[in-house]
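Peer 1: Before I ask anything, here is the structure I am working with.
Bear in mind these aren't lab numbers, they're just calculated from the coordinates by the rules spelled out. Bear in mind the structure is a predicted one, so any value in this text is a computation, not a measurement. Virtual Cβ from ideal backbone geometry, glycine too; neighbours counted across all protein chains shown.
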Amino acid sequence: MLPALASDQEAHLSRLEPLFSQPGSAERRPLADPRLSRSALLLRPTGGGGVQLVNPSGRIRISVDGAPVHDQIDISRERIETGVIWLISNQVLLALHLMEPLSRDEPSFGLVGEGLGTQQIRRQISSVADLDVPCLIRGETGTGKELVALAIHKASARAERPFEALNMGAIPPTLAASELFGALKGAFTGADRKRSGAFSRADGGTLFLDEIGETPPEVQVLLLRALETHRIRPVGGDREIPVSVRILAATDADLEGAIADGRFREPLVHRLSGYEIHLPPLRHRLEDFGRLLVHFLGLELDSVGESGRLKGRGRRPWLPASLVAKLAAYSWPGNIRQLRNIVRQLVIANRGREQLELTPDLESKLTSDAASSPAQPTATQPPREPFAAHPQPPVATNPTAAEGADRPTYRNPDEIDEQELLQALKANAFKLQPTAATLGISRTSLYALIEKSTRLRKAKDLTQQEILDAKNRHGADLDAMAAELEVSRKGLRRQMTRLGFD
């Protein structure tokens, strides 16, 4: 923790300061690594939440996000929000990121990490666990949706009852109804005995429906009725059976786009999303990467009988900081699941070795995937501006919508890059509904694109002085203020309330 920076004061980083604490421990100690210099690196607040890193002597070897820093570098708030990796003297790896004070009383729910995203997920689990409302968990593949669902179940009043998980994407459409609701003997070819469905097995407990976006249309109708009536009818049955089941569902699909395309029923989404939890991808949880890496290394080392490796025995550290820096720089498209798999490969490939090394296959994968990913800002580049430096032409309106078709042609949000997003927002004065229509996506998808953008400035980052200056120029015209400050009207209004504006 660097409270000096939060108080707009200079902070020092050296062998002796600041003090660090292990996750879950109140004890705080300096790094005290003899290979680190006693000379301090300086951290100076630059305004707007940014930080200037100064290497006074120039003799300390330091790199920021893989690029060397010989004298100084300015790091923007946007980069700090994502997480910035520092490698010092090729021995110590640190992540600079934003963090809220931790409450030692909050349960972990089995989630590894202490970053803002992880803290928020824990608070959401605490808020919804005992309410018995259906919950929709959204996030990219591999982000831990089932782990969150299980945490909700264990923290609920149904914890002692069954937790049943069903992957809707892995069930053949012809068997989906029987898998959910069961089937009587002889109900269909091959039904040689009575079968209980997931609803019956989860009766009194929790049913987790993974990949809910893959549910066949004909089964969506049956599922919607079961959620509305709390009754099910087994395949081949002539009467309905009451059940008491809490539904938790998960998806990485664009349900709003599926609704627009007629592939998913909107009433079913409303029924499933009594409460929504959005899980951030691993690339947005860089502050937790080290904890996750060490956690999985510990599990895998235990499985091969080498649990002492992480304790630093031997002349060289078994886990070199340079290797961790290379892993942290990877984009992890498969998120936490992919990290776990690669850690397993690393541990198995390095059994009995003095120091952990990347295998040639993994080295090639990290390099090739990084080369095909959008370039990340480096330490030698200036902080990325939130918007393009020159005005861009407005984006053409979706032709189908312009011609007055019954339903607009919705696009896959993944097709929209940041430049097109910025152009559309500018062309529509940062009004979200017309921007969504321009891009041909739902407002929910637009929110998601804005949230993960590294170039957009968020309304929550606006300072009181910036808002006051805009208010003096535009009076009570919130639309004009939002357009000038390049944020949404709703977000501006929320930030003004937070900062105490009337």
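Peer 1: How long are the semi-axes of the equivalent ellipsoid of the range 2-84, taking √(5λ) for every eigenvalue λ of the Cα gyration tensor, in whole Å from largest down? Mind showing how you got there, number by number?
Peer 2: Working: eigenvalues 81, 65, 31 Å².
Three semi-axes, in Å: 20, 18, 12.
Peer 1: From the residues LEU207, SER303, THR82, which one has its Cα farthest along the dipole of the chain in the positive direction, the dipole being from +1 and -1 charges on Cβ of Lys/Arg and Asp/Glu about the Cα centre?
Peer 2: Ranked along the dipole, the leading option is SER303.
Peer 1: Still on this structure, I have one more. Viscosity 0.692 mPa s, temperature 37 °C: Stokes-Einstein D of the chain from its Kirkwood Cα radius, in µm² per second? If you can, show how the numbers build up before the last one.
Peer 2: On the way: Rh = 26.0 Å.
Rounded, D is 126 µm²/s.
Peer 1: Please report how far the C-alpha centroid of the range 450-494 lies from that of the range 213-245, rounded to the nearest whole angstrom.
Peer 2: A separation of 47 Å, based on Cα centres.
Peer 1: Between SER39 and THR367, what length comes free when the chain is fully extended (0.36 nm per residue of separation minus the Cα-Cα distance, one decimal in nm)? Before the final figure, lay out the partial values.
Peer 2: Details: separation 328, 0.36 × 328 = 118.08 nm, distance 3.42 nm.
Gain in length upon complete extension: 114.7 nm.
Peer 1: Cβ under 14 Å from SER196's Cβ, SER196 left aside: what net charge do those residues give with Lys, Arg +1 and Asp, Glu -1? List each step's numbers first, then the result.
Peer 2: Numbers: positive: LYS185, ARG193, LYS194, ARG195, ARG201, ARG233; negative: GLU164, GLU179, ASP203.
Residues near SER196 contribute +3 overall.
Peer 1: So, one more: Which value results for Rg/Rh of the range 45-106 when Rg is the Cα radius of gyration and Rh the Kirkwood radius based on the inverse mean 1/r?
Peer 2: Working: Rg = 13.4 Å, Rh = 12.8 Å.
Ratio value, two decimals: 1.05.
Peer 1: Let me ask something else. Among the trypsin sites (Lys or Arg not before Pro) within the range 15-119, which fall in a DSSP loop and have no more than 12 other Cβ atoms within 10 Å of their own Cβ? Intermediate values should be presented prior to the final figure.
Peer 2: Working: sites: ARG15, ARG28, ARG35, ARG38, ARG59, ARG61, ARG77, ARG79, ARG104; in loops: ARG15, ARG35, ARG38, ARG59, ARG61, ARG104.
Here the trypsin sites (Lys or Arg not before Pro) that fit, given the DSSP loop and packing criteria, are ARG35, ARG38, ARG59, ARG104.
Peer 1: Something else: For GLU27 and GLU146, what does the FRET efficiency come to when R0 = 45 Å and r is the distance between their Cβ atoms, rounded to the nearest 0.05? Mind showing how you got there, number by number?
Peer 2: Details: r = 34 Å, r/R0 = 0.75.
The pair GLU27/GLU146 has a calculated efficiency of 0.85.
Peer 1: Have a look at the range 92-136 and give its Rg and Dmax from the Cα atoms, expressed in angstrom.
Peer 2: Cα-based Rg and Dmax for the range 92-136 come out at 13.0, 46 Å.
Peer 1: Give the longest segment of the chain that steers clear of GluC sites (Glu not before Pro) in DSSP loops with at most 15 neighbouring Cβ atoms within 10 Å, not counting the sites themselves. Please report the intermediate quantities before stating the final value.
Peer 2: Working: sites that count: GLU10, GLU27, GLU160, GLU240, GLU354, GLU357, GLU403.
So the longest stretch without any such site is 28-159.
Peer 1: Using alpha-carbon pairs under 8 Å, 6+ residues apart, how would you state the relative contact order of the chain in percent? The partial results should precede the final answer.
Peer 2: Working: 801 pairs, mean separation 63.6, N = 502.
About 13 percent, as a whole number.
Peer 1: Quick one, can you get me the convex hull of the C-alpha atoms of the range 229-318 expressed as volume per residue in Å³?
Peer 2: Details: hull volume 20.2 nm³, N = 90.
Hull volume normalised by residue count: 224 Å³.
Peer 1: Now, a different point. On a 0 to 90 degree scale, rounded to 10, what angle separates helix 360-372 from the longest Cα axis of the chain?
Peer 2: Relative to the chain, helix 360-372 is tipped by roughly 90 degrees.
Peer 1: Straight-line reach from LYS311: which lysines fall under 29 Å, measuring Cα to Cα and dropping same-chain residues less than 8 apart?
Peer 2: Counting by Cα, and skipping residues close in sequence, LYS311 has these lysines nearby: LYS326, LYS365.
Peer 1: Next up: Fully extended, how many nm does the chain gain between ALA321 and HIS278 (0.36 nm per residue separation, minus their Cα-Cα distance)? Write down the numbers at each step before the final one.
Peer 2: On the way: separation 43, 0.36 × 43 = 15.48 nm, distance 3.14 nm.
Residue separation times 0.36 nm, minus the Cα-Cα distance, leaves 12.3 nm.
Peer 1: Once you have a ≥ b ≥ c as the square roots of the Cα gyration tensor eigenvalues for the range 399-498, tell me rounded if a/c is under 1.5, and otherwise prolate or oblate according to whether a/b is larger than b/c. Mind showing how you got there, number by number?
Peer 2: On the way: a/c = 2.66, a/b = 1.85, b/c = 1.43.
Note, shape of the range 399-498 comes out prolate.
Peer 1: How big is the gap, in Å, between the Cα center of the range 140-189 and the Cα center of the range 1-78?
Peer 2: Value for the Cα centre distance between the two parts: 47 Å.
Peer 1: Additional query: Testing the spin-label approximation: label points 7 Å from Cα along Cα→Cβ at GLN465 and LEU478. State their distance in nm.
Peer 2: It works out to 2.6 nm between the two label points.
Peer 1: Hey, which aspartates and glutamates would be in cross-link range of LYS490, C-alpha to C-alpha under 12 Å, not counting anything within fewer than 8 residues on its own chain?
Peer 2: The reachable aspartates and glutamates, counting only those whose Cα sits under 12 Å from LYS490, are ASP479.
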